[in-house]
1. Determine ³J(HN,Hα), in whole Hz, for all residues of the stretch 31-37 in sequence, where each value follows from phi through the Karplus function 6.51 cos²θ - 1.76 cosθ + 1.60 and θ = phi - 60°; x replaces Gly and Pro.
2. Let me know the shape class of the stretch 78-193, please: from the alpha-carbon gyration tensor, a ≥ b ≥ c as square roots of the eigenvalues, rounded when a/c is under 1.5, otherwise prolate if a/b is greater than b/c, or oblate.
3. Kindly count the pairs of lysines across the chain whose alpha carbons are less than 22 Å apart, treating pairs on different chains or eight or more residues apart as eligible.
4. Roughly how many debye, to the nearest 20, is the charge dipole of the chain about its Cα centre, given +1 on each Lys and Arg Cβ, -1 on each Asp and Glu Cβ, and no other charges?
5. Output the 0 to 90 degree angle, nearest 10, between the alpha-carbon long axis of helix 80-105 and the longest principal axis computed from the alpha carbons of the chain.
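None of the figures in this text is laboratory data; all of them are computed from the coordinates on show. Worth saying up front: this structure is predicted, and the values here are computed from it rather than measured. Every residue, glycine among them, receives a Cβ derived from its backbone with ideal geometry; neighbour counts consider all protein chains shown.
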Amino acid sequence: MLEPVVQYHGKWPFYRFVGMQEPFSVSFSFLNFLAHYNGLLKIRDKMPARYSLRPFYVALSYIGMASWVFSMIFHTRDFNLTEKLDYFAAGASVLYGLYYTPVRIFRLDQKKPPVKQTLLRLWTITCVLLYIAHVSYLTFWRWDYTYNMAANIAVGVVQNILWSWFSVHRYQKLKKPWAAWPGLIVAWVVMAMSLELLDFPPWKGMLDAHSLWHLGTVGPTIWWYK
Ligand SMILES: [Zn+2]
């Protein structure tokens, strides 16, 4: 007897496991959290305190950890509030990736020449305003899944282009395989993200495309901190 699995309010039915609505998404979110936590320990351990990019990496791990905590909460219990928190935290994390990219590529963290400090300030304000506009639109205007997805993909693709360009440029100069890593890592994340668009019914009522997308980001996160 094969009955088609139907979506309910745009979501697949899941079997609960120890009170968790989507146990695989919760577990894979936890793995991502651990990857960021490990990264943070590595930064603290290996990066000299006076290295001016250090605070940007530390912020990256904290924002990453926060977003995966909210993801774990949301996939444990899907409420209006937990969903919003997950989306806003994920949005912050994706946007921080965009914020951090030109800071790293053009070394806007450096004090000289002074124009870099001005650019950094302008870029910081731009990103903060973008985030406020994004959250305001979803909160006060419309809770819009299509817009949210499009915004995240757009911000992801811009990062991907910047990192790919940077990687090719550095690889040509240095001829070292690791010079190409950032471009490859970001490409991996974008590929994992496309899993999200497959959206097949959960295998055994538990393992779905969305959880695989969460699993797919663990590898590149570990790689990123290398
Ligand atoms: Zn999720």
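1. 3J(HN,Hα) across the stretch 31-37, in whole Hz: 4, 5, 4, 4, 4, 5, 5.
2. The shape class here is oblate.
3. Total qualifying Lys-Lys pairs in the chain comes to 8.
4. On the way: 22 positive and 11 negative charges, 329 e Å.
Once rounded to the nearest 20, the dipole reads 1580 debye.
5. 20
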